[in-house]
1. Between ARG74 and ASP124, what FRET efficiency follows from the Cβ-Cβ distance if R0 is 45 Å, with the result rounded to 0.05?
2. Listed highest first by mean packing, meaning other Cβ atoms within 10 Å per residue, what order do 49-58, 35-44, 111-120 come in?
3. Calculate, for region 124-195, the solvent-accessible area per residue in square angstrom, rolling a 1.4 angstrom probe over the heavy atoms of the protein chains.
Amino acid sequence: VINHEPAEGGADTELLEEVFERGPYLIKHRDKAVTKEDFERLANAASSYIARTKCFTEGPNLNVIIIPKGEEDRPYPSLGLRNIVRKYLLERSLNTILNQSLEVVEPSYKEVKVTVDVIPESIDLAVPLEKEMLKQLKEYLHPLTGGNEKSGWKFGRGVHISDIYALLEGIDGVEHVEALLLNDKSEDVEIKESE
């Protein structure tokens with residue numbers, strides 16, 4: 001037996017904090033989608049496998065981006081999950097949107113390349129320090145569990161070079177950091193609406 005697609009749909013028990021966050025919105029939209037915020041919240045409620053949603057219009061179309069829960073560097077939703085969310089939203093859209101006007105899409109990710117010169121406190125620390133820096137950078141840049149609060153990156157938020165400096169200089173064994181570049185530039189990585 002070969003499992004060509006990973007299983008999805010299971011969930012842990014909902015945390016009390018999540019209930020308190022979800023409850024007022026459930027009363028507000030009453031399980032019907034009218035505004036962009038309603039579509040985002042209902043798309044998130046369509047499956048416990050969804051971590052983040054974002055809704056935007058493009059001409060006459062309404063696009064809903066969904067990011068599934070996952071530990072991959074770039075979590076992408078399966079076609080099955082996208083179809084579940086689309087059906088769920090169409091059933092709750094109060095006929096405010098045509099069937100062909102609703103699109104549930106996967107996210108597009110912006111690559112961030114970090115180039116840096118790091119001076120260790122001791123030459124003996126060079127190899128383990130490199131491994132630790134790569135690990136921390138990977139964790140920090142993860143779309144769902146990274147960022148300053150370790151709760152992921154909001155849609156459209158850029159990566160600030162000062163945050164990367166602070167992260168690297170905060171690692172034990174680093175004397176100081178020089179010549180830090182993000183995507184070969186010494187400036188923040190900005191995210192445009194179309195990315």
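The values are calculated or read from the model by the stated rules, or taken from the named source; none is laboratory data. Everything numeric here is computed off the predicted structure, so don't read it as measured data. Heads up, the Cβs are rebuilt from the backbone with ideal geometry, glycines too, and the neighbour counts pull from every protein chain shown. When the accessible area is computed, the model is the full protein with side chains, heavy atoms only, and any ligands, DNA or RNA have been set aside. Shrake-Rupley method; radii C 1.70, N 1.55, O 1.52, S 1.80 Å.
1. In this case the efficiency is close to 0.80.
2. Packing order, densest peptide first, comes out as 35-44, 49-58, 111-120.
3. 64
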